[in-house]
Amino acid sequence: MSNQLSRRKFLGNAGAVTAIPGWWSLLRGMAHNAVSLGGGAAASPGTADRIVDMHVHFDEKNRDFISDLLKLSERLNLTACLLTPFSDRKVVAEAAKQHPSQIVPFGSVDLDAPDVVKQVEELHGMGYRGLGELEFVKKPYNDPSYLPVYEVANRYGWIVLFHTGIVLRSKFDEPEDVASGRMRPIYLEEIARRFPKITVLGAHCGNPEYEWAAEIARWNPNVFFDLSGSTLTKMQGRLADFQKFFWWSGTEWHSPEWKVKTPDGDLSAFIKIVFGSDTDLREIESVVNQYRALFDACALPAHTRKMIMGGTLARLLGLPDGH
C-alpha cells in the first residue's frame with residue numbers, strides 16, 4: 001500500500017532437493033564475505049555495510065519521494081527495494097535506471113486483477129526485479145487462480161514479497177472484503193515448493209504466527225521473512241523470545257543448506273530473516289535500531305547480522321559487493 005500515513009503509526013494506534021545447490025553456494029558466499037555489523041548509528045556511505053531494505057513503499061502522493069529517498073540512501077548507505085503500484089511503474093523504473101545502487105524496483109500488483117499476468121510481464125520488460133507487496137487478496141495465496149502469476153515469477157527467478165499475518169484496516173465504517181486469514185504464512189509453503197526458483201519472502205514474519213513462519217523457512221531454502229510492522233515494537237521487552245522461534249542453530253534439525261560451515265560454526269537460524277522497514281522514510285533509521293536491539297538480545301554473531309541487514313538480499317539481487 002502507499003505509505004502516506006506511516007504504517008507503523010497506523011498499527012500502533014489501532015525441501016526441494018534440486019534447489020539446494022544454488023542456495024548452498026549463496027550461503028557459502030555470504031559466510032565467506034562476512035563483515036561485522038556493530039551497534040550504534042547506521043553505517044555511513046562508503047563502508048561495506050550497506051543496508052538493503054526489502055520493504056519500502058513508493059508514496060505517489062509525495063512529489064519529492066524519490067529525492068527524499070536518495071538523500072536518505074546517501075546518509076544511511078541504503079538500497080531500497082521500492083514496492084511500486086502498477087500505475088507508478090514508469091516513474092520508478094526510470095529512477096531505478098538512474099540510481100541502480102539505491103533503488104531496486106518491485107511491482108505491487110493486484111492478484112485478483114483480470115490482467116495481472118499481463119501486468120507482471122510488462123513489469124519484467126521494464127526491468128523490475130520482483131513483485132510485492134502482494135496483499136488484500138480475495139482468496140488464500142495458494143489458490144489455483146493465482147498460480148499463473150507465480151509461474152511467471154518462477155520463470156524469471158524473482159523475489160516475491162507477500163504480506164503475512166494481521167493486516168491494517170483502512171475503512172472502519174464500511175464493509176471490506178479483507179481477511180488476514182487469507183494471508184497466513186502457512187500458504188507460502190506450497191508456493192515455495194511448487195515454484196523453487198522463486199525467493200518467497202513473507203513480510204511481518206506472519207505476525208502473530210511467528211512459529212509457523214519460522215518452521216516454514218526452516219525447511220524451505222527459498223523462504224525468508226522480514227520483521228517489519230508492529231512486531232519489534234510490541235516485543236521490545238522480550239526480543240530474546242525469537243530464539244524460541246528460530247531455535248535450530250547448531251542442531252541437526254534443519255534442511256541441507258544449513259550444513260554450510262563458517263569460522264564460527266553452524267550458520268545461525270536467524271539468516272532466514274532479512275531487513276524490511278515498511279514505514280515512512282523518516283522512521284527507517286529507527287527500524288534499523290530495532291533490528292540491532294534484536295541482534296543484541298539474541299546474541300547474534302557478526303556474520304548473521306551482516307546477512308540480515310543486506311548480505312542476503314544483495315546476493316539474491318546480484319548487487320555488487322559493498323552494496
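Before moving on, here are some points about what is shown:
- Listed by Cβ neighbour count within 10 Å, with the fewest neighbours leading, 235, 309 appear as 235, 309.
- Residue order, fewest to most beta carbons within 10 Å, for 304, 231, 164: 231, 304, 164
- In terms of packing, defined here as the mean over residues of other Cβ atoms within 10 angstrom, the peptides 204-212, 245-253, 190-198 line up highest first as 204-212, 190-198, 245-253.
- Cross-link check: pairs 118/138; 71/118; 61/90 evaluated at a Cα-Cα cut-off of 26 Å; pairs beyond the cut-off: 71/118.
- Size of segment 86-144 from its Cα atoms: along the principal axes, largest to smallest, the extents are 37, 19, 16 Å.
- Long-range HN-HN contacts of residue 130 with modeled amide H, under 5 Å: 107
- Potential lengthening of the chain between residue 74 and residue 177 amounts to 33.0 nm, from the contour at 0.36 nm per residue minus the alpha-carbon distance.
- In plain terms, the residue of 126, 307, 183 with the fewest other Cβ atoms within 10 Å comes first and the most crowded comes last, giving 126, 183, 307.
- Sorted peptide list for 214-226, 73-85, 106-118, criterion being average Cβ within 10 angstrom, highest first: 214-226, 73-85, 106-118
- Using 0.36 nm per residue and subtracting the Cα-Cα separation, the extra length available between residue 145 and residue 117 on full extension is 9.0 nm.
Read the figures in this text as sums done on the coordinates, not as results from a lab. Treat the numbers as computed from the prediction; the structure is a model and nothing was measured. Here Cβ is always computed from backbone atoms with ideal geometry, including for glycine, and neighbour counts include all displayed protein chains.
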